[in-house]
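One structure below.
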Amino acid sequence: MILPGATLGMIGGGQLGRMFTIAARSMGYQVIILDPDPHSPAGTIADQHIQADYNDHAALDMLGDYCAVVTTEFENISLASLTRLQQHCPVRPAPETIAMMQDRLLEKEYLDEHDFPTVAFYSIQTAEDLEDAMDELGGPGILKVARPGFPGQGQHAVNSLEEAQEAYQLMGDKPCILEERIFVTKHLSVILARSITADIESYPVSENEFIKGILDLSLAPARIEEEIADNAVEMACDLADKLDYCGVLTVELFLTEDGDLLVNTIAPRPHNSGHFTVDACTTSQFEQQVRTLCGLPPSDTQLLLPVAMVNLMGDLWANGTPRWEEVFKESRALLHLYGKRETKPGRKMGHINCLEDDVESALEMATSLRARLAP
C-alpha cells in the first residue's frame with residue numbers, strides 16, 4: 001500500500017488530471033504533473049509541474065524518480081514512455097493495457113477474441129481493403145481512424161464505397177476500422193474501480209447523450225430496466241477481470257432495439273460520463289483512481305441522489321461570460337470549472353451536476369439551467 005504523504009505522478013494535465021489532483025491532495029498525497037502546457041489545469045494546482053513533452057526522457061526519468069507510482073490522464077501516451085517509467089516505479093494501469101486501448105482496431109479485436117459482443121467491424125489497412133469490407137458489410141457504416149488523437153476524432157458515416165474512399169482520404173490514408181452502423185436506443189457507460197487484489201466496485205450505469213461525437217449530458221441512474229443494468233455491470237466487471245485490470249475503467253455500451261448490449265469502446269481512466277460521481281456518490285471516480293493506484297481497496301459507490309451531468313462547452317462563452325448566478329440560484333446544482341484560460345467552440349470548459357429526487361427532474365433542471373447561462 002502507498003499511503004498518504006507519498007508522491008503520485010500523473011502524465012497529462014487536463015481536467016481529468018486536475019480532478020485527480022484535487023482528490024489526491026485532499027487525501028494527503030502530493031502530486032506531480034507532467035504536461036507540456038505551462039497553463040495546464042492540473043499543473044496549476046499540483047505540488048509540482050514538470051513542463052515537458054510526454055516523450056521527453058529526462059522528464060520521464062525525473063517523474064519516475066520522484067514518484068511512488070504513476071498513472072495517465074488519457075490513453076494516448078506512447079508505450080515506450082510508459083515502459084521507460086516502469087524502470088523507476090510502478091505504472092497503473094499496465095502499459096500494455098493502455099497501449100491496446102489506444103487503437104480502436106486492437107481494442108475491437110481483443111473484445112471479439114474474448115467473446116464480448118460488438119458491432120460488426122473490418123480492418124482497413126489500405127484503400128484496397130474498403131471494397132471487400134463495404135461489400136461484406138452490405139449497409140451503412142462508420143469509418144474510424146484506428147488511432148484517434150482524442151475522443152470523437154476521425155470518424156465519418158459512410159453509405160457507399162465512394163463515400164468510404166473519400167473519408168479514407170480525408171483521414172490521411174491511415175489505418176482505419178470500418179464498423180457497422182446500427183440504430184442505438186441508448187448509449188450507456190459503466191465505470192468501475194478494480195484493485196491490484198481484484199476487488200471491484202462499480203457505479204450505477206449512466207445514460208449518455210452526444211453531440212457530434214462529444215458527450216453532452218449524462219444521467220444516473222440510466223432509464224433502463226434493472227436486468228439490463230445488471231447485465232451491463234456484469235459485462236464490464238468480466239472485462240476488467242479478463243484484463244487483470246488495476247485502476248478506474250470505463251466501458252461504453254450500445255443498447256439496441258432488441259435489448260442487446262454491445263461494447264462500443266473502453267477507456268483506461270475516469271471518464272466524462274462519470275463526473276456525476278463527484279457530487280452524487282459516496283466516493284468519486286477520482287478518489288477511486290487514487291485508491292486503486294496506491295494499492296488501496298476501492299470504496300463504496302452508492303448513488304445518493306439521481307443526477308444529471310451537463311457539459312459546458314466553449315460555445316457558451318461566445319457572447320461573453322456565462323451567467324453563473326443562475327447556477328447558484330439552484331440549491332442542488334453544483335458547478336465545476338476546469339481552469340482553462342482559452343475558450344474554443346467544442347472545448348470542454350466545465351460541467352454542472354444537477355441533483356434531484358428523480359432523474360427526470362434532474363434532467364429538466366440541467367436542460368433549463370444551461371439554457372439560462374447564455375449571456
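Things worth noting here:
- Criterion violated by Gly346 - all others in (1) over 19 Å from the mean Cα position of the chain (by Cα); (2) loosely packed, with under 15 Cβ neighbours inside 10 Å; (3) under 23 Å from Ser206 (Cα atoms) satisfied: (1)
- Residue match in the stretch 305-324 (condition: farther than 30 Å from Arg372 by Cα and in contact (Cβ under 8 Å) with a residue 12 or more places away in the chain): no
- Helices (runs of 4 or more DSSP H) enclosed by the stretch 221-304 - at least 3 residues per element that are in contact with a Cys (Cβ under 9 Å, 6 or more places away or on another chain) and crowded, with 24+ Cβ neighbours inside 10 Å: none
- Residue within the stretch 208-220 that is at pLDDT 95 or above, buried (at least 17 other Cβ atoms within 10 Å of the Cβ), part of a strand (DSSP E or B) and polar (S, T, N, Q) present: yes
- Filtering Leu312, Leu355, Leu337 for residues that are modelled with pLDDT of 95 or more, farther than 17 Å from Phe210 by Cα and crowded, with 19+ Cβ neighbours inside 10 Å leaves a single hit, Leu355.
- Among residues of the stretch 14-45, those that are within 16 Å of Leu85 (Cβ to Cβ) and touching a helix residue (DSSP H, G or I) at 6+ places or on another chain (Cβ under 9 Å), counted: 5
- Scanning the stretch 162-201 for residues that are within 25 Å of Leu106 (Cβ to Cβ), touching a Lys or Arg at 6+ places or on another chain (Cβ under 9 Å) and of a type outside the set (A, V, I, L, M) yields a count of 5.
- Matching residues, the stretch 15-46, being in a helix (DSSP H, G or I), closer than 16 Å to Val70 by Cβ and not small (Gly, Ala, Ser): Leu16, Phe20, Thr21
This table checks each residue for (1) assigned by TED's automatic domain parsing to the domain that holds Leu262; (2) over 26 Å from Asn272 (Cβ atoms); (3) polar (S, T, N, Q).
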| position | (1), (2), (3) |
| --- | --- |
| Thr71 | no, no, yes |
| Leu111 | no, no, no |
| Leu130 | no, yes, no |
| Glu163 | no, yes, no |
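- Selection status of Met101, surrounded by 16 or more Cβ atoms within 10 Å (Cβ to Cβ) and out of contact with any Asp or Glu (no Cβ under 7 Å at 6 or more places or on another chain): no
- Of all residues in the stretch 362-375, those that are modelled with pLDDT of 95 or more have Cβ atoms under 7 Å from Cβ atoms of residues that are in a helix (DSSP H, G or I), 6 or more apart or on another chain, in Leu369/Glu326; Leu369/Val327; Arg372/Glu326; Leu373/Leu316; Leu373/Glu326.
- In the set (1) in contact with a helix residue (DSSP H, G or I) (Cβ under 7 Å, 6 or more places away or on another chain); (2) free of Cβ contacts under 8 Å to residues at least 40 places away in the same chain, His114 fails one condition alone, (2).
- In the stretch 165-211, residue farthest from the chain's Cα centre (by Cα) [restricted to those that are closer than 30 Å to Leu293 by Cβ and of a type in the set (Asp, Glu)]: Asp199
- Per-region count, the stretch 177-199, residues crowded, with 20+ Cβ neighbours inside 10 Å and either assigned to a strand (DSSP E or B) or not assigned by TED's automatic domain parsing to the domain that holds Val310 (or both): 10
- Residue check for Glu109: surrounded by 17 or more Cβ atoms within 10 Å (Cβ to Cβ), modelled with pLDDT of 95 or more and of a type in the set (Asp, Glu): no
The values are calculated or read from the model by the stated rules, or taken from the named source; none is laboratory data. Predicted, not measured: the structure shown is a model, and the values here were computed from it. For neighbour counting, all protein chains shown are included, and Cβ atoms are generated from backbone atoms with ideal geometry for every residue, glycine included.
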